[in-house]
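What follows is a single structure, written as structure tokens, with notes after it.
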Ligand code: FES
């Protein structure tokens with residue numbers, strides 16, 4: 001099971017955290033990964049200066065804008081979830 005945490009702190013919220021979560025949820029649905037990806041919301045990761053919404057995949061943190069969320073899922077989450 002891969003844990004994906006999306007920051008919903010106020011800064012990330014303004015950068016589109018809700019949209020990122022929606023896009024990830026849709027991708028999980030499309031690929032039927034409910035059993036493989038645990039999507040969670042988390043509070044401020046203390047990385048508010050980054051351009052995008054903070055997303056933690058396993059132990060790694062990434063900055064993800066809503067515009068790149070679908071691509072990010074395909075490149076960085078899907079390969080881990082389909083191993
Ligand atoms: S609000 Fe997301 S890192 Fe601070």
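Worth a mention:
- Residue check, residue 74 touching a residue at least 40 places away in the same chain (Cβ under 8 Å), within 15 Å of residue 2 (Cα to Cα) and away from the ligand (no atom under 16 Å from the Cβ): yes
- Which numbered condition residue 62 misses (of (1) within 14 Å of the ligand (Cβ to nearest atom); (2) part of a loop (DSSP other than H, G, I, E, B); (3) surrounded by 13 or more Cβ atoms within 10 Å (Cβ to Cβ)): (2)
- Given (1) loosely packed, with under 13 Cβ neighbours inside 10 Å; (2) at pLDDT below 95, number of the condition residue 74 does not satisfy: (2)
- Enumeration of residues in region 14-44 that are surrounded by 13 or more Cβ atoms within 10 Å (Cβ to Cβ), within 16 Å of the ligand (Cβ to nearest atom) and either farther than 18 Å from residue 77 by Cα or free of Cβ contacts under 8 Å to residues at least 24 places away in the same chain (or both): 15, 16, 18, 21, 44
The values are calculated or read from the model by the stated rules, or taken from the named source; none is laboratory data. Everything quoted here is computed from the prediction, not taken from an experiment. Neighbour counts are summed over all protein chains in view; Cβ atoms, including those assigned to glycine, are modelled from backbone coordinates with ideal geometry.
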